[in-house]
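Worksheet: one structure, shown below.
The values are calculated or read from the model by the stated rules, or taken from the named source; none is laboratory data. Please read these numbers as outputs of a predicted model, since none were measured by experiment. A quick note on method: Cβ atoms are made from the backbone with ideal geometry, for glycine too, and the neighbour counts reach across all protein chains shown. Keep in mind that these areas ignore ligands, DNA and RNA; they rest on the heavy atoms of the full protein, side chains included. Shrake-Rupley method; radii C 1.70, N 1.55, O 1.52, S 1.80 Å.
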Amino acid sequence: GNFERNFESLDLAEFAKKQPWWRKLFGQESGPSAEKYSVATQLLIGGVTGWCTGFIFQKVGKLAATAVGGGFFLLQLANHTGYIKVDWQRVEKDMKKAKEQLKIRKSSQIPSEVKSKAEEV
């Protein structure tokens with residue numbers, strides 16, 4: 001009896017319509033950082049996360065460049081020692097075919113003014 005009178009009825013549909021999407025998903029304490037932190041704190045957090053991201057991508061980039069360069073080096077070494085035989089005539093034939101296809105596509109898609117400038121370059 002008396003216990004039920006202490007509570008207020010809440011229409012959840014109306015409440016949900018008034019809330020931003022991030023509060024619906026994450027709760028009342030979530031929201032844009034502008035609501036929670038000062039400008040200096042936001043700049044500090046952004047700077048630190050940017051530096052960390054740059055540091056990580058620098059390391060990953062060096063590793064990827066080393067792997068690609070090392071792979072090319074190993075392929076050249078294998079070619080010179082005879083482990084890999086390259087059919088240079090076939091490579092040349094395929095390159096000629098690719099150049100012809102590019103010329104056909106280029107001539108049909110590009111206006112003549114642009115073609116002349118591209119040929120100059």
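When the stretch 44-88 is examined, which residues are found to be part of a helix (DSSP H, G or I) and basic (Lys, Arg)? Residues satisfying the conditions are LYS59, LYS62. The C-beta contact set for the stretch 48-75 (first residue open to solvent by 80 Å² or more (accessible area, probe 1.4 Å), second residue not small (Gly, Ala, Ser), distance under 7 angstrom, 6+ apart or interchain) comprises LEU75/ILE84. Residues that are modelled with pLDDT of 85 or more and loosely packed, with under 11 Cβ neighbours inside 10 Å within the stretch 35-47 comprise just one, GLY47. Every test in (1) loosely packed, with under 10 Cβ neighbours inside 10 Å; (2) modelled with pLDDT of 90 or more is passed by ASP87 save one, and that test is (2).
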